[in-house]
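Have a look at the structure below, then the notes.
The values are calculated or read from the model by the stated rules, or taken from the named source; none is laboratory data. Quick caveat, the model's predicted, so the values are computed rather than measured. Heads up, the Cβs are rebuilt from the backbone with ideal geometry, glycines too, and the neighbour counts pull from every protein chain shown. Keep in mind that these areas ignore ligands, DNA and RNA; they rest on the heavy atoms of the full protein, side chains included. Shrake-Rupley method; radii C 1.70, N 1.55, O 1.52, S 1.80 Å.
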Amino acid sequence: MRMVVLENSPNAKMNKSVLNRFLALPQPEDKVQAMYVWIDGTGEGLRAKTRTLDFIPTSITELPIWNYDGSSTMQSEGVNSDTYLYPVAMYRDPFRLGNNKLVMCDTYKYNKKPTATNHRHSCLEAMQKAADQKPWFGIEQEYTLLDMEGRPFGWPRNGYPGPQGPYYCGVGANKVYGRDIVESHYRACLYAGINISGSNAEVMPSQWEFQVGPCEGISIGDELWMARFILHRVAEEFGVCVTLDPKPMPGDWNGAGAHCNFSTKEMREDNGIIHIENAIDKMSKQHLRHIKAYDPNQGRDNERRLTGRHETSSIHDFSAGVANRGASVRIPRQCAEDKKGYLEDRRPSSNCDPYSVTEALVRTVCLNE
């Protein structure tokens, strides 16, 4: 069977040595390129544009508020299109290097109210209320690499690879596809200052995972969104696409999730297992509310993934267990033995908004709302 090549990718055909020639030009010491990144009206897509600053920013508060055409991102009407960008987090730019920055932004309408897909605004309110409980998060972001035809990268053009089994954490050209992208992304995140904590090949071939965390409070959403942006940007260089679709291939193939590891200060202390179990009890009573918050389409995307098969629970029922990857919420075995630690919510879809996920957890477990 013939493997798909990248003949349809314009980016893969470009000579990167020409780009490097111009990127090597000296940059004026008093000029910085700041790339503003934001979430568009789909709640999943990312957009970005760059402005020149005449100073080197050292704090997010130094960055100017900017705007963009919201009618082109499904966030406003053309007759009133200006939409505001409020900088909320700043990172080193792993593509332009030097003093250049990547800037994560919130989006606001003409009347300075949050856009429909700005879930950070309400998430921040919840995190501030629960700050004394020190909520920590780690999110395991699964994703799938695609060729320009929308087929999983490296899969046979007119067929399928062998059944799942040898691909998870696999090694070898017949087991893993696209490792160059994964390694490049990992290093780019480290350079940027993202708290990326690991990566691995997943169960379906051409499916991968990276982990961000532990992060406290609102920072988990900022860092995961920027890590996603960097992933798309790295893959662009290779002429490969990234999808966060929670079930990219129908049939007997694993879907993709964004498992959320969560703890409070009390859970991490001795006998914290009591607080972990109390949290799970609270979560069991808010299952439908969480399902609606765990993908951008109110649970409809997750319906294709949470079937009770392929290491998932059923979307219709709440369940919990120690070391059980078929449960809604898993208590890692080591945490059960130590009687403290964290819980893993396995329900969030790969295309979830981490602001919505973490807000739901904090409001349910920490704020009893």
Exercise for the section: For residue 71 paired with residue 132, estimate the spin-label separation in nm (one decimal), with each label point 7 Å from Cα along the Cα-to-Cβ line. Expected result: 4.9
Exercise for the section: Please give the calculated 222 nm ellipticity per residue for the chain, where each DSSP H segment of at least 4 residues contributes -39500 (n - 2.57) and the sum is spread over every residue; nearest 500 deg cm²/dmol? Expected result: -7500 deg cm²/dmol
Handout entry: Cross-link reach list, aspartates and glutamates versus residue 285, counting only Cα pairs under 18 Å and skipping chain neighbours closer than eight places
Key = 277, 317, 344, 345, 359, 369
Completion exercise
Two pseudo-spin positions, 7 Å from Cα along C-beta at residue 265 and at residue 15, lie apart in nanometres by 6.0
Problem - Most positive-pole-ward Cα, 155, 130, 284, against dipole of the chain from beta carbon charges - result: 155
Practice task
Would you be so kind as to identify which of 206, 226, 36 lies farthest towards the positive end of the dipole of the chain, taking Lys and Arg as +1 and Asp and Glu as -1 on Cβ and the Cα centre as origin?
Solution key: 206
Practice task
For residue 160 and residue 311, compute 0.36 nm times the residue count separating them, minus their Cα-Cα distance, and round to one decimal in nm.
Solution key: 52.3 nm
Problem - Karplus 3J(HN,Hα) series, Hz, for the stretch 216-221 with 6.51 cos²θ - 1.76 cosθ + 1.60 (x for Gly, Pro) - result: 9, x, 5, 5, 5, x
Practice task
At 0.36 nm per residue, minus the direct Cα-Cα distance, what do residue 216 and residue 252 gain on full extension? Give it in nm, one decimal, please.
Solution key: 9.3 nm
Exercise for the section: Grab the Cα-Cα distance for residue 304 and residue 334, subtract it from 0.36 nm times how many residues apart they are, and report the gain in nm with one decimal. Expected result: 7.7 nm
Practice task
Report, ordered by chain and residue number, the lysines lying within cross-link reach of residue 134, taken as a straight Cα distance under 17 Å and ignoring same-chain residues fewer than 8 apart.
Solution key: 265, 340
Fill in the blank from the handout: In debye to the nearest 20, the charge dipole size for the stretch 22-181, taken about the Cα centre with +1 at each Lys and Arg Cβ and -1 at each Asp and Glu Cβ, equals 180
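What net charge do the residues around residue 259 carry, taking every other residue with its C-beta under 14 Å from that of residue 259, with Lys and Arg at +1 and Asp and Glu at -1? List each step's numbers first, then the result.
On the way: positive: 305, 325, 330, 346, 347; negative: 140, 142, 202, 209, 295, 311, 344, 345.
Counting the neighbours of residue 259, the net charge comes to -3.
Give the accessible surface of the chain per residue, rounded to a whole number of Å², with probe radius 1.4 Å and ligands, DNA and RNA excluded. It would help to have the intermediate numbers written out before the result.
Details: 16820 Å² over 369 residues.
So the chain comes to 46 Å² accessible per residue, rounded to a whole number.
Net charge near residue 210: determine it from the other residues with C-beta under 15 Å of the C-beta of residue 210, scoring Lys and Arg +1 and Asp and Glu -1.
Summing Lys and Arg as +1 and Asp and Glu as -1 gives -3.
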Handout entry: Reach of residue 31 by Cα under 28 Å, taken over lysines that are not fewer than 8 positions away in the same chain
Key = 16, 49, 101
